[in-house]
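Inspection log for the structure reproduced underneath, given as structure tokens.
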Amino acid sequence: MSNNTIGSYKAYQTLSSPSGASLAYHRTPGSSSNSLPGIIFFPGFMSDMNGEKALAIEDFAQEHGQPCVRFDYFGHGHSSGNFTDGHIGIWAKDALAVLDELTEGPQLLVGSSMGGWLMLLTAMARPERIAGLIGIAAAPDFTEDLLKEELTPEQLEEVEGKGFTLIPSDFGNDHIYTRALFDEGRKHLVLRDKIAVNCPVRLLHGLKDDVVPWHTAISIQEKLLGTDVKIILVKNGDHRLSAAPDLECLIDTLATLVQRL
């Protein structure tokens, strides 16, 4: 592991992933007298660990003496690797490496958008380590259920022919969708069968989300085996759920779940 500092960001360290990449992460320790679960934040597609939601969650964890880890997937943020070489399979292994190598005891996973898919895959792979889940506009199976409807036939042909297509994004960087993203996505679908997760789950979703429909949260709830599942719909919330009232709702949800645990 190594230490690095980028601009005004806090120092981060790196973890060698199963793929051989260096995953950037920031870990804050918990209080030695605190038995509350740790928190891991899973960012979204082409997002990183320095977003507003990740930092708000880290601030909450520090205030309550809980361990917290935020990290960048292969090809994202400050982690090594080319983004176009990444896919759901690699990023799922990254998430497991973070859980296995950087944390101890029960963990509360918070996943944003694609991070909600990876959060579910992680919980299914390590059920004994998971205390609870919070999805923020969670987007499991988005490569199969959303992208194929969003992209034009010409763009889908481009994916097959060139191996990728480039789509302008309202959130900054243009989105690159590769053939490997679709192919690997089909190998990791979770909404086709029951999701073997029994821990408490909270699903936040904005009613004005024009990227991932809010009824996706209902689909997740229906597939989860556990019964302690609640959906929180945010009337004016968009896909990012990063406005001040949205962050307040997220932290309130986190605080309530932590208290329950």
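The table for this structure:
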item	result
Some residue of region 211-219 being in contact with an Asp or Glu (Cβ under 6 Å, 6 or more places away or on another chain), closer than 20 Å to Trp117 by Cα and not acidic (Asp, Glu)	no
Filter result (closer than 18 Å to Asp100 by Cβ and touching a Phe, Trp or Tyr at 6+ places or on another chain (Cβ under 9 Å)) within region 122-170	Thr122
Counted residues, region 225-261 - those being more than 17 Å from His205 (Cα to Cα) and crowded, with 18+ Cβ neighbours inside 10 Å	1
Close pairs from region 130-158: first at positive phi, partner small (Gly, Ala, Ser) and surrounded by 20 or more Cβ atoms within 10 Å (Cβ to Cβ), Cβ under 7 Å, at least 6 apart	Ala137/Ser112; Ala137/Ser113; Ala137/Gly206
Residue check, Val211 in contact with a Phe, Trp or Tyr (Cβ under 8 Å, 6 or more places away or on another chain) and in a loop (DSSP other than H, G, I, E, B)	no
Region 185-228, subset among the β-branched types (Val, Ile, Thr) and in contact (Cβ under 8 Å) with a residue 60 or more places away in the chain, residue nearest to Glu128 (Cα to Cα)	Val197
Region 166-204, residues that are assigned to a helix (DSSP H, G or I) and surrounded by 15 or more Cβ atoms within 10 Å (Cβ to Cβ)	Arg179, Ala180, Leu181, Phe182, Glu184, Gly185
Number of positions in region 38-65 that are in contact (Cβ under 8 Å) with a residue 60 or more places away in the chain and crowded, with 23+ Cβ neighbours inside 10 Å	11
Among residues of region 55-96, those that are in a loop (DSSP other than H, G, I, E, B), of a type outside the set (D, E, K, R) and touching a strand residue (DSSP E or B) at 6+ places or on another chain (Cβ under 9 Å), counted	12
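For every residue, the table says whether it meets (1) over 24 Å from Ala217 (Cβ atoms); (2) of a type in the set (Gly, Ala, Ser); (3) at pLDDT 95 or above.
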site: Ser113; (1), (2), (3): no, yes, yes
site: Gly116; (1), (2), (3): no, yes, yes
site: Met124; (1), (2), (3): no, no, yes
site: Glu128; (1), (2), (3): yes, no, yes
site: Gly135; (1), (2), (3): no, yes, yes
site: Glu149; (1), (2), (3): no, no, no
site: Glu158; (1), (2), (3): yes, no, yes
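The values are calculated or read from the model by the stated rules, or taken from the named source; none is laboratory data. As the structure is a prediction and not an experimental result, all values here were calculated from the model. Using ideal geometry, Cβ is built from the backbone for each residue, glycine included, and neighbour counts are taken over all protein chains shown.
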